[in-house]
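Let me begin by presenting the structure, written as C-alpha cells, before commenting on it.
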Amino acid sequence: MEVVIVPDAAAGGDIIAEAMAKLLHRKPDALLGVATGSTPLPVYQSLAARVRAGAVDVSRARVCQLDEYVGLPTGHPESYRSVVLREVVEPLGLSPEAFMGPDGAAEDVQAACDAYDAALAAAGGVDLQLLGIGTDGHIGFNEPCSSLASRTRIKTLTEQTRVDNARFFGGDIEAVPHHVITQGIGTILEARHLVLLATGEGKAEAVAATVEGPVAAVVPASALQLHPHATVIVDEAAASKL
Ligand code: GLP
C-alpha cells in the first residue's frame, strides 16, 4: 500500500484527477468507480476542469457507483444515483448511458445486487475505484464486521453513519435511510487500482487503523492492505495519527 500525504484536500483531488486522466489516456473507455460523500468532490472538480481545458478526453469514459440508499424515491436528490449524476456525470459531460449503478428502488433488492455485480463483471471490471472512508473505517457502505470477501448486497447502516450522513438530509437523522446497497469488500478488491482519499482530523483514527492496524473486518478499509495496487491519499490532519 502506498500512502501519500498532501497539504490539503485540493492537492489530493489534483493527484487523483491526474491519475484518472493518465488512465483515460492509456485506456479511453476506462471504467471509473466513483464514491459519494464530501471528500471526493475536489477530485471531480479537478477532473472536470481538465476536461473543460481540453486536457483529457472523456468521450468514451464510463462511471460506476459504489453504493446506494435503499428505498429513496426515484430521483430523490440525495440518492447516490442523483448525486453521481449531479457531481460527476453532468460536470464531465458524460451521457447517462456511460453510467451504471445498482437499483436502490428494486422490489427484489438482492436480485438488484446480484445484477449489479454481474454488470460490473460484464463491463470488464472497474479500472480505478475511488474510495472515501467513514469515521468508523467503512468503505462504500461496508460497515464494521462486514466480511472481507463480501459481494454486493444489502446492509443496515450503523447509528454513527446515519448521524454522519444526516447533514445531507437537512440534519434530520430520521430522513436517512436505514438500509443500503453496497459493493462488497470482495467486489471492491477486484478493481485494478484502489485509491482512498481521506481529509480532516475526524478521519485520522480510521486512517491509522486502515494503514497500520491489522487486516480485520472490524475496520473494513484495512482490506486495502490485501490489494496489490492500493493508494491512500491523506491530508496532514487525516495523517495525524499515523
Ligand atoms: C458515505 C459513503 C462512503 C463515504 C463516506 C464518507 O458513508 N457511502 O462511500 O466514503 O460517506 O463521506 P465523507 O467523505 O462525506 O466523509
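Derivation of every value follows stated rules applied to the coordinates shown; laboratory data play no part. These figures come from a predicted structure and were not determined experimentally. A quick note on method: Cβ atoms are made from the backbone with ideal geometry, for glycine too, and the neighbour counts reach across all protein chains shown.
For K155, the aspartates and glutamates whose Cα comes closer than 16 Å to its Cα, not counting residues fewer than 8 places off in the same chain, are D67, E68, D103, E107, D108, D114, D117, D136, E143. Using the rule -39500 (n - 2.57) for each DSSP H run of four or more residues, divided by the residues of the chain, the 222 nm mean residue ellipticity is -8500 deg cm²/dmol. Springs join every pair of Cα atoms under 10 Å in this Gaussian network model of the chain, and among V215, V176, V163 the largest mean-square fluctuation is at V163.
Between I154 and A53, 0.36 nm times their residue separation minus their Cα-Cα distance comes to what?
32.4 nm
Computed 3J(HN,Hα) for the range 156-161, one whole-Hz value per residue from the Karplus formula 6.51 cos²θ - 1.76 cosθ + 1.60 where θ = phi - 60°, is 9, 6, 6, 4, 4, 5, glycine and proline marked x.
Fully extending the segment from A216 to K241, taken as 0.36 nm per residue of separation minus the present Cα-Cα distance, adds 7.2 nm. Fully extending the segment from H229 to S82, taken as 0.36 nm per residue of separation minus the present Cα-Cα distance, adds 50.0 nm.
Ordering P177, C113, T158 by the projection of their Cα atoms onto the charge dipole of the chain, which places +1 on the Cβ of Lys and Arg and -1 on the Cβ of Asp and Glu, puts C113 at the extreme positive end.
3J(HN,Hα) couplings calculated from phi for the range 92-107 with the Karplus curve 6.51 cos²θ - 1.76 cosθ + 1.60 (θ = phi - 60°) are, in sequence order, 7, x, 7, 7, x, 5, 7, 10, 10, x, x, 8, x, 9, 5, 5 Hz; Gly and Pro show x. For the chain, modelled as a GNM whose springs connect Cα atoms under 10 angstrom apart, the maximal fluctuation among F168, F141, F99 occurs at F168.
For the chain, modelled as a GNM whose springs connect Cα atoms under 10 angstrom apart, the maximal fluctuation among A198, A35, A119 occurs at A119. 3J(HN,Hα) couplings calculated from phi for the range 34-49 with the Karplus curve 6.51 cos²θ - 1.76 cosθ + 1.60 (θ = phi - 60°) are, in sequence order, 10, 10, 9, x, 7, 4, x, 4, x, 5, 5, 5, 5, 5, 5, 5 Hz; Gly and Pro show x. Mind checking which of A123, S82, M100 is farthest towards the positive end of the range 72-140's charge dipole, using Cβ charges of +1 (Lys, Arg) and -1 (Asp, Glu) about the Cα centre? In the range 72-140, that residue is S82. Once you sort the root eigenvalues of the Cα gyration tensor of the chain as a ≥ b ≥ c, which label holds: rounded (a/c under 1.5), prolate (a/b larger than b/c) or oblate (the other case)? Cα axes put the chain in the rounded bin.
FRET efficiency for the E201 to H25 pair, using the beta carbon distance and R₀ = 41 Å, is estimated at 0.70.
Indicate the gyration tensor shape class of the range 1-99 (rounded, prolate or oblate), computed on the Cα atoms with a ≥ b ≥ c the square roots of the eigenvalues: a/c under 1.5 is rounded; otherwise a/b larger than b/c is prolate and the rest oblate. Note, shape of the range 1-99 comes out oblate.
The charge dipole of the range 1-153, taken about its Cα centre with unit charges on the Cβ of Lys, Arg, Asp and Glu (plus for the first two, minus for the last two), comes to roughly 520 debye.
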